Amino acid sequence: MNFPEKYQFRLKQSEDVVYIFCQIRKKWLQLTPEEWVRQHVVEFLIRHKSYSKSAINSEVIVEINGMKKRADLIVFQKDKPFLIVECKAPGVEIDEQTFDQIARYNMQLNADYLMVTNGLKHYYCQMDFVNERYNFMKELPAFEIKT
């Protein structure tokens, strides 16, 4: 994984299945490659970007054209989506299709920032709603509580 530090996770095994404890959902989840990335992103947002754990939601249902999809992570700021994160397994290449997926989610959510990652490569974008596009950034902003 390509993150600022090596994070420690709670893992357990039952028969041949490994589980990881999700501090956001407060339950054990089957450890898949995508879940491994998602849990690293959660740690990164909390430890390095000062995002509040209570502001982070995981596996959020987003309805698009009558179909229910799941956004990997959404960070809320005063009940408004601030950041949407799309996680892929490390072996999955990030491509235009991945950005199209998160853009469709954001057409419903109107978050200010987007992050797409496979744990090895991270892409950050800030939305430009006036010109209907996103602008790539070198890093995500730190989380600030707006009053």
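Readers should treat all values here as calculations from the given coordinates under stated rules, not as data from a laboratory. It should be emphasised that the depicted structure is a prediction, and the values quoted were computed from it without experimental measurement. Quick reminder, even Gly has a Cβ in these numbers, built from the backbone with ideal geometry, and neighbours come from all protein chains shown.
For the range 11-137, how many pairs of lysine residues have a Cα-Cα distance under 17 Å, where the two are 8 or more positions apart or belong to different chains?
8
Every Cα-Cα pair of the chain was included, and the share exceeding 20 Å stands at 48 percent. Net charge of the neighbourhood of residue 98, taken over other residues with C-beta under 14 Å away and scored Lys/Arg +1, Asp/Glu -1, is -3. Between the amide H of residue 134 and those of 128, distances stay under 5 Å, these residues lying 5 or more places away or on another chain, with hydrogens modeled in the peptide plane.
Sequence-ordered 3J(HN,Hα) estimates for the range 78-91 from the Karplus curve with 6.51, -1.76 and 1.60 and θ = phi - 60° stand at 6, 6, 10, x, 9, 9, 10, 10, 10, 10, 10, 5, x, x Hz, glycine and proline given as x.
Full extension from residue 29 to residue 92: what is 0.36 nm times the residue separation minus their Cα-Cα distance, to one decimal in nm?
Separation in residues times 0.36 nm, less the Cα-Cα distance, equals 20.6 nm.
Amide H contacts of residue 31: 18, 19, 20, each under 5 Å away and 5 or more positions distant or on a separate chain (H built 1.01 Å from N in the peptide plane; Pro and chain starts excluded). Relative to the longest principal axis of the Cα atoms of the chain, the long axis of helix 96-109 lies at roughly 70 degrees.
Inter-label distance, residue 57 to residue 13: 3.6 nm, where each label sits 7 Å from its Cα along the C-beta direction. Karplus-derived 3J(HN,Hα) values for the range 6-20, using 6.51 cos²θ - 1.76 cosθ + 1.60 with θ = phi - 60°, are 8, 8, 9, 10, 8, 10, 8, 10, 10, 6, 9, 10, 9, 10, 10 Hz; glycine and proline are entered as x.
For the range 11-137, averaging the sequence separation of C-alpha pairs within contact (under 8 Å, six or more residues apart) and dividing by the residue count gives a relative contact order of 17 percent. What is the angle, in °, between the Cα long axis of helix 33-49 and the longest principal axis of the Cα atoms in the chain? Nearest 10 is fine, range 0 to 90. Between helix and principal axis, roughly 70 degrees.
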